[in-house]
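Reading through the structure tokens given below for one structure.
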Amino acid sequence: MLEKALKGSPKYYLWIGFLLLVIAGASSVYITQLIHGLTITGMSRDVSWGFYIAQFTYLVGLAASGVMIVLPYYFHHYKKFKDLVIFGEFMAIGAVVMCLGFIVVDIGQPQRMLNVLLFPTPNSILFWDMVVLNGYLILNLLVGWTCLECDRQHMPHPKWTKVVAYVSIIWAFSIHTVTAFLYQGLPGRHYWLTAILAARFLASAFCSGPAILLLVIMLTEKLTTFKAEAEGVATLAKIIVYAMCVNVFFFLLEVFSAFYSNIPEHMNSLIYLFKGLDGHTELVPYMWTAVAFGLGSLALLIPPKLRDNRKLLPWSLGILVIATWIDKGLGLLIGGFNPSPFDTVAPYWPTGKELIVSLMIYATGALVVTILFKVATEVKQELGVSQKPAVSLETEA
Amino acid sequence: MSHTRRNFLKFMGLAAAGLCAGSAGSALAAAEAGPVRAADALKAKRWAMVIDTTKVGTKETIDVLAKACHHAHNVPDIPTKQNVKWIWAASYDEAFDQPNDHGNDAMEKREFALLCNHCTHPPCVRVCPTQATFQRPDGIVAMDYHRCIGCRYCMAACPFGARSFNFMEPRLYLDLNNLNKEFPTRMRGVVEKCNFCVDRLAHGKQPACVEASNGALAFGDLSDPNSEVRKLLREHYTIRRKPSLGTEPGVYYII
């Protein structure tokens with residue numbers, strides 16, 4: 001089936017070539033990091049995790065989000081998602097690849113990485129995160145690829161795929177819960193030390209992940225003959241807005257606990273992020289942008305009239321993605337490390353090199369997603385399912 | 001003997017078997033011998049430290065301890081925020097989570113020597129995915145620099161900021177003509193911290209900072225009621241850093 005990714009329009013080749021070029025160019029910076037160490041990043045003794053781990057955390061959410069399509073389809077037999085299921089699974093594969101990439105670039109001695117397997121340590125959450133992420137990758141590859149191949153051969157899906165799909169649904173919740181456990185069990189990091197962190201992670205994943213997925217699907221519709229069922233898209237948008245409401249609600253619960261109790265440790269990270277602490281206001285504009293975009297996305301997504309407007313939808317989803325990204329891809333990490341264990345503020349900002357290495361991982365993810373989506377759309381075209389009316393065939397990619 | 005392929009292969013097979021047996025034999029012999037232990041090694045059930053902050057309470061006096069420690073362990077002197085430190089000076093508010101709006105003048109001015117607390121329940125050991133950081137039976141939290149993958153999970157987990165990461169090649173920031181040959185240097189990409197001088201205890205010596213402190217620091221067995229540390233703890237009011245987190249630090253401060 002992979003051969004379908006080898007034949008495409010000049011536009012398709014141009015995009016693949018562009019991604020390969022970005023990966024190759026950016027990997028030269030990664031080689032610099034391998035030679036000189038993580039000193040090329042903005043991380044420090046006090047902020048010892050930075051942009052890489054933050055992107056990892058955000059993308060685990062994207063990986064888990066496919067479940068918002070797979071769960072209604074398998075558990076509730078919601079057939080309108082039939083044509084979207086494969087994209088949810090393939091997006092998860094791309095996301096997990098990026099997650100693993102961000103872990104690899106973040107560790108100081110990547111050639112010793114297999115020590116995690118050679119000395120398995122069940123009391124370390126990182127060990128479990130490795131297990132659940134790799135497991136999730138295998139589950140999605142197995143189900144996604146097998147089902148697509150069967151569709152192509154006009155064969156019914158084997159029975160075991162259903163079992164594996166059920167497992168992958170539960171598994172999706174576990175990957176983001178375990179990722180939250182990486183943070184929420186650490187004594188002395190008060191911004192993370194909260195029982196609701198895992199629930200917040202899931203809520204933010206289930207709005208931002210499907211939002212990214214829907215944006216990519218809309219792009220796919222533009223570039224290929226694929227056409228998603230309108231009702232399925234509308235339902236997914238509804239799921240996104242519910243999850244975003246829960247996400248905002250959970251965050252406000254944190255704010256209440258911190259400020260009504262008036263306990264400095266609980267308030268300080270939030271004060272640092274939204275007001276500035278000890279004269280450090282680096283993140284304040286970003287956090288308020290997140291607030292504005294988050295509330296803006298709700299305003300544009302809650303009224304059914306605005307939500308069902310397909311011209312407006314990409315913008316609503318776009319600002320939702322930006323809001324959740326600032327919250328989880330920036331604020332969570334930097335706010336968690338500040339104030340430091342010495343009750344001081346240690347500002348952090350990623351360096352250009354750090355961003356270029358991150359770009360390398362993002363481009364790799366985009367490459368994986370492009371190839372998988374290309375295969376999926378080609379198969380659908382071959383089968384003649386979920387296709388646009390014949391008129392628009394000339395736009396085929 | 002004719003030079004046939006068959007004979008050649010037989011010979012090679014025998015030679016390979018001999019090599020295997022030889023190396024296996026020596027490996028077994030080494031395993032039986034175990035590590036070499038000096039007869040005068042200092043031993044304890046639970047090592048602990050008591051710091052008399054009335055005697056060592058200024059930046060200058062603590063710098064003396066840091067100098068001794070950092071020389072003994074080849075700790076690089078990096079001038080950026082990606083620095084490495086095993087023991088250092090900090091103010092009362094930085095060291096303890098018991099802020100006082102109207103503290104007395106002595107506390108306001110006093111500096112406190114901070115180092116790894118060698119906790120009884122160390123969060124860094126709990127989170128390490130490779131057991132590169134581990135707790136010895138005598139309570140010391142030690143590091144295996146050759147197993148550490150540099151994930152820095154231990155740094156996020158330590159509530160005392162006791163751990164440093166080698167963001168860059170540490171040997172560039174060491175005086176290579178003035179190294180302590182008894183202790184290894186590190187490579188970049190691994191985490192390190194105070195090791196309560198396990199290397200010196202094994203040779204019957206007190207920790208480097210204790211030796212340099214003129215009696216302001218005491219080191220001994222917390223489980224022995226007659227030890228010097230227990231005597232000091234009986235006679236003085238002491239506090240520990242962040243006791244509410246339940247890590248049970250092994251470093252006590254006389255106030």
*Within the range A:140-151, identify whether any single residue is closer than 18 Å to A:F56 by Cβ and either within 14 Å of chain B (Cβ to nearest Cβ) or of a type outside the set (V, I, T) (or both), and answer yes or no.*
yes
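So which of A:P120, A:P110 is surrounded by fewer than 21 Cβ atoms within 10 Å (Cβ to Cβ) and in contact (Cβ under 8 Å) with a residue 24 or more places away in the chain? Please lay out each step first, then the result.
Working: A:P120 fails: in contact (Cβ under 8 Å) with a residue 24 or more places away in the chain.
On inspection, the qualifying residue turns out to be A:P110.
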_Could you check the range B:63-92 and list, in sequence order, the residues that are assigned to a loop (DSSP other than H, G, I, E, B), among the aliphatic types (A, V, I, L, M) and away from every other protein chain (no Cβ under 12 Å)?_
B:V75
_For the range B:127-164, which positions are over 22 Å from B:R240 (Cβ atoms) and out of contact with any strand residue (DSSP E or B) (no Cβ under 8 Å at 6 or more places or on another chain)?_
B:P129, B:T130, B:Q131, B:H146, B:R147, B:I149, B:C151, B:Y153
_Considering only residues that are more than 9 Å from chain B (Cβ to nearest Cβ), buried (at least 20 other Cβ atoms within 10 Å of the Cβ) and among the hydroxyl-bearing types (S, T, Y), which ones fall in the range A:31-72?_
A:Y52, A:T57, A:Y58, A:S65
*For the subset of the range B:162-188 comprising residues that are facing chain A (nearest Cβ under 7 Å) and free of Cβ contacts under 8 Å to residues at least 40 places away in the same chain, which member is nearest to A:P120 (Cα to Cα)?*
B:R188
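Regarding B:G139, is this residue closer than 28 Å to A:L193 by Cβ, away from every other protein chain (no Cβ under 11 Å) and outside any helix (DSSP H, G or I)? Write out each step before concluding.
Numbers: closer than 28 Å to A:L193 by Cβ: yes; away from every other protein chain (no Cβ under 11 Å): yes; outside any helix (DSSP H, G or I): yes.
Taking the combined requirement at face value, the residue satisfies it.
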*Which numbered condition trips up A:G88, out of (1) modelled with pLDDT of 95 or more; (2) crowded, with 21+ Cβ neighbours inside 10 Å?*
(1)
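Looking for something touching an Asp or Glu at 6+ places or on another chain (Cβ under 9 Å), under 28 Å from A:L301 (Cβ atoms), at pLDDT below 95 and surrounded by 20 or more Cβ atoms within 10 Å (Cβ to Cβ) - is there at least one such residue anywhere in the range A:235-250?
Start the filter on the range A:235-250 by keeping residues that are touching an Asp or Glu at 6+ places or on another chain (Cβ under 9 Å), which leaves A:237, A:247.
From what is left, the residues that are under 28 Å from A:L301 (Cβ atoms) are A:237, A:247.
So of that shortlist, the ones also at pLDDT below 95 come out as none.
No - not one qualifying residue is present in the range A:235-250.
Residue by residue through the range A:193-235, note down the ones that are part of a helix (DSSP H, G or I) and among the aromatic types (F, W, Y). First the steps, then the outcome.
Let us first name the residues in the range A:193-235 that are part of a helix (DSSP H, G or I), namely A:197-223, A:230-235.
Within the range A:193-235, A:F201, A:F206 meet the criteria.
So, in the range A:253-274, of the ones that are in contact (Cβ under 8 Å) with a residue 24 or more places away in the chain and touching a helix residue (DSSP H, G or I) at 6+ places or on another chain (Cβ under 7 Å), which residue ends up nearest to A:I196 (Cα to Cα)?
Step one: of the range A:253-274, the residues in contact (Cβ under 8 Å) with a residue 24 or more places away in the chain are A:253-254, A:257, A:265-266, A:268-270, A:272-273.
Pick out the ones that are also touching a helix residue (DSSP H, G or I) at 6+ places or on another chain (Cβ under 7 Å) and you get A:257, A:266, A:269-270, A:272-273.
Values: A:S257: 11, A:H266: 14, A:S269: 16, A:L270: 15, A:Y272: 20, A:L273: 19 Å.
In this case the residue turns out to be A:S257.
For the range B:218-255, give me each residue that is small (G, A, S) and buried (at least 22 other Cβ atoms within 10 Å of the Cβ).
Within the range B:218-255, the first condition is being small (G, A, S), and the residues that meet it are B:218, B:220, B:223, B:227, B:244, B:246, B:250.
Result: B:A218, B:G220, B:G250.
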*Report, ordered by the first and then the second residue, all pairs with beta carbons closer than 8 Å, sequence separation of six or more or different chains, a first member in the range A:147-174 that is over 22 Å from A:D83 (Cβ atoms), and a second member that is surrounded by 17 or more Cβ atoms within 10 Å (Cβ to Cβ).*
A:V167/A:L139; A:W171/A:V132; A:W171/A:Y136; A:W171/A:L139; A:F173/A:A64; A:F173/A:V67; A:F173/A:L202; A:S174/A:V132
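If you check A:L301, A:L333, which single one turns out to be buried (at least 21 other Cβ atoms within 10 Å of the Cβ), aliphatic (A, V, I, L, M) and touching a Ser or Thr at 6+ places or on another chain (Cβ under 7 Å)?
Working: A:L333 fails: touching a Ser or Thr at 6+ places or on another chain (Cβ under 7 Å).
The match here is A:L301.
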*Scan the range A:318-347 and report the pairs whose first residue is within 16 Å of A:L193 (Cα to Cα) and assigned to a helix (DSSP H, G or I) and whose second residue is of a type in the set (V, I, T) and modelled with pLDDT of 95 or more, with Cβ atoms within less than 7 Å and a gap of 6+ or a chain change.*
A:K328/A:T57; A:L332/A:T57; A:L333/A:I53; A:I334/A:V47; A:F337/A:V47
*In the list B:F183, B:F196, B:F160, which residue meets the criterion of being in a loop (DSSP other than H, G, I, E, B), within 17 Å of the chain's Cα centre (by Cα) and surrounded by fewer than 23 Cβ atoms within 10 Å (Cβ to Cβ)?*
B:F183
*Pairs, first on the phi < 0 side of the Ramachandran plot in the range B:137-154, second assigned to a strand (DSSP E or B) and aromatic (F, W, Y), C-beta under 7 Å, six or more apart*: B:D138/B:W47; B:I140/B:W47; B:A142/B:F134
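Across the range A:39-83, what is the number of residues that are over 27 Å from A:Y136 (Cα atoms) and over 24 Å from the mean Cα position of the chain (by Cα)? Working first, answer last.
Filtering the range A:39-83 for residues over 27 Å from A:Y136 (Cα atoms) gives A:39-48.
Checking the rest, the ones that are also over 24 Å from the mean Cα position of the chain (by Cα) come to A:39-40, A:44-46.
Of the residues in that region, 5 qualify.
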*Considering each of A:V375, A:V357 in turn, give the residue that is in contact with a helix residue (DSSP H, G or I) (Cβ under 6 Å, 6 or more places away or on another chain), among the β-branched types (V, I, T), closer than 20 Å to A:K7 by Cα and more than 14 Å from chain B (Cβ to nearest Cβ).*
A:V375
*Which residues, taken from the range A:113-131, are more than 7 Å from chain B (Cβ to nearest Cβ) and not in a helix (DSSP H, G or I)?*
A:L114, A:P120, A:P122
*Run A:E282 past the list (1) of a type in the set (D, E); (2) surrounded by fewer than 20 Cβ atoms within 10 Å (Cβ to Cβ); (3) part of a helix (DSSP H, G or I) and report the number of the one that doesn't hold.*
(3)
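Within the range A:132-187, which residues are of a type in the set (G, A, S), assigned to a helix (DSSP H, G or I) and over 18 Å from the mean Cα position of the chain (by Cα)? Break it down stepwise before answering.
Of the residues in the range A:132-187, the ones of a type in the set (G, A, S) are A:135, A:144, A:165, A:168, A:172, A:174, A:180, A:185.
When the remaining residues are screened for being assigned to a helix (DSSP H, G or I), the result is A:135, A:144, A:165, A:168, A:172, A:174, A:180.
Listed by number, the residues that qualify are A:G144, A:A165.
Tell me which helices (runs of 4 or more DSSP H) are completely within the range A:1-102 and hold 3 or more residues being closer than 20 Å to A:H157 by Cα and not hydrophobic (A, V, I, L, M, F, W, C), or say none if there are none. Before the answer, list the steps.
Numbers: elements: A:10-36, A:51-65, A:67-75.
Passing ranges, in order: A:67-75.
The values are calculated or read from the model by the stated rules, or taken from the named source; none is laboratory data. Here the structure is a predicted model, which means the values were calculated and not measured. As a convention, Cβ positions derive from the backbone with ideal geometry for all residues, glycine included, and neighbour counts pool all protein chains shown.
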